[in-house]
1. Among the residues of the stretch 321-340, count how many are surrounded by 13 or more Cβ atoms within 10 Å (Cβ to Cβ) and among the aliphatic types (A, V, I, L, M).
2. Could you please find all residues in the stretch 194-219 being exposed (fewer than 15 other Cβ atoms within 10 Å of the Cβ), in contact (Cβ under 8 Å) with a residue 12 or more places away in the chain and not acidic (Asp, Glu)?
3. In the set Glu174, Glu238, which member is within 22 Å of the chain's Cα centre (by Cα), of a type in the set (Asp, Glu) and modelled with pLDDT under 95?
4. Which of the residues that make up the stretch 241-272 are among the acidic types (Asp, Glu) and within 15 Å of the chain's Cα centre (by Cα)?
5. State all residues of the stretch 361-386 that are over 17 Å from the mean Cα position of the chain (by Cα) and modelled with pLDDT of 95 or more; if no residue qualifies, say none.
6. Which one of Leu51, Leu39, Leu14 is in the same structural domain as Glu126 (by TED's automatic domain parsing) and in a helix (DSSP H, G or I)?
7. Just one of the numbered conditions (1) touching a helix residue (DSSP H, G or I) at 6+ places or on another chain (Cβ under 7 Å); (2) surrounded by fewer than 18 Cβ atoms within 10 Å (Cβ to Cβ); (3) among the polar types (S, T, N, Q) is not true of Thr472; which one?
8. Is the stretch 144-166 home to any residue that is in the same structural domain as Asn41 (by TED's automatic domain parsing), farther than 30 Å from Gly13 by Cβ, in contact (Cβ under 8 Å) with a residue 60 or more places away in the chain and surrounded by fewer than 14 Cβ atoms within 10 Å (Cβ to Cβ)?
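The values are calculated or read from the model by the stated rules, or taken from the named source; none is laboratory data. Remember, predicted model here, so these are calculated numbers, not experimental data. Cβ sites come from the backbone with ideal geometry, for glycine too, and all protein chains shown count toward neighbours.
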Amino acid sequence: MPQEIELKYRLPGLDGRTALQRLRRHPLLRRRTMQRMQLLNRYYDTPDGWLRQQRCALRLRATVDCDAEGQPLPGAARWEQTLKTAGSGNGALSVRNEWTTPLTRPRLQLDALQATPLGALERAAEHLAQLTLQAQTRSLRTTWVLHLRGGAVVEVALDDGELRAGRQRAALLELELELLRGEPAALLGVADALAEILPLLPARPSKAEQAQRLAAGTLLEPVRATIPAMPTGTTALEVARAALADALGQLCDNLALAMASDNPELIHQARVGWRRWRSVMRLVQPWLPSPPPDLTPLRPLLGTLGVLRDWDVARTDTLPAWGRAFVEDPAVQPARAQALRAALRRLDRAAQAARAQLRQHLRDPAVVGVLHALAAWLVALPTATTPEPPPDWAFARLRRWHARLKRQLAASDHASPEAMESLHEARLLAKRLRYAAEALGAALSQREAERAQRWQRRARGWQERLGRWRDTARAAELLQQVQADAALIGFLRGVAAATHPLRAAD
């Protein structure tokens, strides 16, 4: 069965011209023959999304050769029909099954689709007859073919264009590395070299998926966690690989969307992805055959994510919620109403500055390169270790975390600085317990899973209670930073003191 093995990256903060210039100057490519072509991809599905439900994508592609400036050369367009299954893999690495049929004209060949596994599905002929155009992409593709030592052949492809669905438009800029011959390690070697000059942000969604989301109006919606479904008996590292791949994908997908949207939920979900990554890493660390890459260059981005999330929560949640109580009646307290509006404006400006800083980090190849390195490390992670962890490895560690959480909460029964620190540690531990229990359900027996689910629900409750208190206290600190009205700051400090969880339920 034909397969497509590729790495795919977004290039945050770059335009097509800049990306092309950097690639052409790179030592790996500057002496290689460059080819350019215009691509038109038309994506089809039934009105009820039958192909999407089968995790397949169907396209017709027209290819027109171009000169070095991207201008079409004389000659007719070449058409082909391709059916692809959803990608499997880790991080940016995707392995897809595909079936390609050359065409003499731009019309679907249903007979060719009947010869694929789709044809064996119930009511396949009826569904195939309902296929209609859903979306399309137009791009200028620039490619280089690299013949590497050891016999591997890798194609480097830069796509610069746009997605189209009805009247909707969205920019498209991606770098794809496809393995034409050899082992996947060759792809990673090429990516490592290009990551020195380009911000290679691992990307999961295919062009077809992006086009489908554009057509549905969901292209910029936050990406949430997907709990991997794995059979009982799956090895520890197989569970870890699946959970870590989704966590890293959630982080990278939301970071990419945050380049184009100011939606605060994107920042929240990016941070959730990173917390999930850290939680699973802590759980499986004793059995990892090699440590992950150094995270030092990534810390500025992670720090900015945290700062921006604090500003967003203060301005969109905490202050609007408590501001009504602070003002009470604008007609009676006009000065308080004015102070609240001024504070919100200052918080908005601070959030805008933090968001600009985040986008600057995402333009930096050294920063984003760590995310590529994490994806590459994950691809190279084996599926099992010797010796394999004991059967109850996940539950035993979750149980220890749960006991530690109860101890942290018991130490937080007063308002001393030490107890406040213990309360903060308890909140972080509650998150860790929750995300790890969610991610590693496949490694638990039914009885263990039921107990872990109870711990998870309680951890979520602790996290929410502690989080609400922390958000209020943090909002007062942020208002102090932007020199907001003293009465408003004092009011929020009073709320935080009154709502302090002196003794959380265990």
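1. 5
2. Within the stretch 194-219, the subset exposed (fewer than 15 other Cβ atoms within 10 Å of the Cβ) is 196, 217-218.
Narrowing the set further to residues that are in contact (Cβ under 8 Å) with a residue 12 or more places away in the chain leaves 196, 217.
Hit for the stretch 194-219 is Gly217, nothing else.
3. Selected residue: Glu238, the only one of Glu174, Glu238 that is within 22 Å of the chain's Cα centre (by Cα), of a type in the set (Asp, Glu) and modelled with pLDDT under 95.
4. Narrowing the stretch 241-272 to residues among the acidic types (Asp, Glu): 246, 253, 262, 265.
Asp246, Asp253, Glu265 - these are the residues of the stretch 241-272 that are among the acidic types (Asp, Glu) and within 15 Å of the chain's Cα centre (by Cα).
5. Matches in the stretch 361-386: Asp364, Pro365, Ala366.
6. Leu51 is the lone residue from the list that is in the same structural domain as Glu126 (by TED's automatic domain parsing) and in a helix (DSSP H, G or I).
7. All conditions pass for Thr472, except number (2).
8. No, the stretch 144-166 has no match at all.
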